[in-house]
1. Sort Tyr81, Tyr15 by Cβ crowding within 10 Å, fewest neighbours at the top.
2. Please rank Glu85, Glu45, fewest neighbouring Cβ atoms within 10 Å first, as an exposure proxy.
Amino acid sequence: MNDVRPLDRQTAETYAAWFKALADGTRVQVVSLLARAARPLTVKEIVAAVPVGQSTVSEHLRQLAAVRFVLAEDRGTCRLYRINENCVDCFPTAADLVMGRSSPVPPLPIPREDDHDTTSPR
């Protein structure tokens with residue numbers, strides 16, 4: 001019998017957080033918008049593109065930033081949000097690994113709770 005083992009716990013927890021973050025249609029729309037915009041966007045620009053209010057968009061951005069799909073940077077009096085290319089590049093890899101397929105890209109760890117730097121990718 002083959003020696004089949006699951007993913008290690010840390011990797012499984014990282015991927016579970018990623019999948020959970022994308023388990024909402026609006027969050028998928030926000031990720032899609034930021035990826036397609038190819039430039040940082042303000043909350044106002046994101047709100048204009050998705051069918052929910054500002055507070056809801058802000059909460060979705062907070063959840064996406066928690067797993068590093070989205071990075072935020074302050075510019076002057078506004079905060080700009082952009083897609084984290086490193087995280088997005090690893091996402092198809094995560095799906096492959098969960099399904100038992102090999103993948104050349106290693107997973108990115110989720111930052112610690114006390115990590116408040118949202119401007120640089122991990």
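Computed from the coordinates by the stated procedures, all read-outs in this text should not be read as laboratory data. Everything numeric in this text was worked out from a predicted model, so none of it was measured. Methodologically, a virtual Cβ is constructed for each residue, glycine included, from the backbone with ideal geometry; neighbour enumeration extends over all protein chains shown.
1. Details: Tyr81 24, Tyr15 21.
Going from sparsest to densest Cβ surroundings: Tyr15, Tyr81.
2. Details: Glu85 11, Glu45 16.
Ordered by Cβ neighbours within 10 Å, fewest first: Glu85, Glu45.
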